[in-house]
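Trainee: This is the structure I want to talk about, given as structure tokens.
The values are calculated or read from the model by the stated rules, or taken from the named source; none is laboratory data. Bear in mind the structure is a predicted one, so any value in this text is a computation, not a measurement. Cβ: placed from backbone, ideal geometry, glycine included. Neighbour counts: every protein chain shown. These area figures cover heavy atoms from the full protein model, side chains too; ligands, DNA and RNA do not enter into them. Shrake-Rupley method; radii C 1.70, N 1.55, O 1.52, S 1.80 Å.
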Amino acid sequence: MSKTLMVSISGIRGIFGSGLDPQVLVKYSSAFGAWCGQAERAAETMPTVVIGRDARVTGALCSQIVAATLQSVGCRVIDLGLATTPTVEMAVIGFGAQGGIVLSASHNPAEWNALKLLNGKGEFLSPEEGKAVIAMAEDGVETAAWTEIGSYEERTYLDEHIQAIMDLEFIDRDRIAQRDFRVLVDGINSVGGVAIPAMLRALGVRDEQIIRVNCEPTGHFAHVAEPLPENLVDTIAAVKDSGADLGIVVDPDADRLALIQDGGVYLSEELTQVV
């Protein structure tokens, strides 16, 4: 089998064991950690990098490698564990981090994984930033001295992310709760199956009114991961058959959102925005 690895300013993506391997993870995560630390080290401050992952089978392994590598170049690592891409983006800002890494190959099949790189604004790297990280990876990065290795801590940020949504002025929880909506959630066996029901409960949807489909975060995707109508035939039918008022479908890292109206009418992900 030929090796597959895609290196670009938007991240490092490949099939695990055939292009994406521990050496690749070390190469690019060490460069990213060093890039995050350039300005901070000048001020003798340990740079902070937030990491999170979707539920892919290789996710925990890749995350452990990335976390240890970041520590080896002198970074403070905040590990959110299973977390959506938007949650990691919010956490970068919330923790005042210099960058973030999401371990997810987005809508690609389960055998893929990736490093999605975020700057200190919680945004994907600009072309200039991405080129700088790639150049540092090619040049190689020195390991920190034993007295300067970074730290590691496990945290969560889903509650803070949900609260930020609840604080938006146009959110009316009482009005939503009064409607007693019935909502079907297809989490594609990844983090959306955890995060979306939690958000719905905060919005006032009763737990017994949340229909969970493919919400166990096993990493074994029940259907093709990209939330397009041809991949959601069973989910669309389930929305109609269950009498749900709404169907919510996300990709594995929950940064792409498709909606299904009552009666089973698909609303394209191109018309939605994940927050």
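Trainee: Residue by residue through the range 130-135, which ³J(HN,Hα) values in whole Hz follow from phi under the Karplus form 6.51 cos²θ - 1.76 cosθ + 1.60 (θ = phi - 60°), with glycine and proline marked x?
Mentor: Per residue, the Karplus-derived 3J(HN,Hα) values read x, 5, 5, 5, 4, 5 Hz.
Trainee: Further question on the same structure: Within 9 Å, Cβ to Cβ, of V102, how many net charges do the neighbouring residues add up to if Lys/Arg are +1 and Asp/Glu are -1?
Mentor: Net local charge, V102 excluded: -2.
Trainee: Express as a percent, rounded to the nearest 5, the fraction of DSSP beta bridges in the chain (both residues included) that run antiparallel.
Mentor: Values: 21 of 44 bridges.
Taking every DSSP beta bridge with both residues in the chain, the antiparallel ones total about 50 percent.
Trainee: Right, here's the next one. Run lengths n ≥ 4 of DSSP H only: what is the helix-derived mean residue ellipticity at 222 nm for the chain, with -39500 (n - 2.57) per run over all residues, to the nearest 500?
Mentor: -10500 deg cm²/dmol
Trainee: Can I ask one more? Carbon-plus-sulfur fraction of the accessible area of the range 13-107, 1.4 Å probe, in percent?
Mentor: Summing carbon and sulfur atoms, their accessible area is 56 percent of the total for the range 13-107.
Trainee: Among residues other than M166 whose Cβ falls under 14 Å from its Cβ, what is the net charge (Lys/Arg +1, Asp/Glu -1)?
Mentor: Within the 14 Å Cβ shell, the charges total -3.
Trainee: Next question, about the same structure. Considering only the range 84-237, what is the antiparallel percent among its DSSP beta bridges, to the nearest 5?
Mentor: 55 percent
Trainee: Now, a different point. Please give the per residue accessible area of the range 118-275, computed with a probe of 1.4 Å over protein heavy atoms only, in Å².
Mentor: 56 Å²
Trainee: Here is a follow-up. What's the longest bit of the chain with no exposed GluC sites (Glu not before Pro), using DSSP loop states and at most 16 other Cβ atoms within 10 Å as the test?
Mentor: 170-275
Trainee: Counting only pairs 8 or more places apart or on different chains, how many lysine pairs in the chain have C-alpha atoms closer than 27 Å?
Mentor: Summing the qualifying lysine pairs gives 8.
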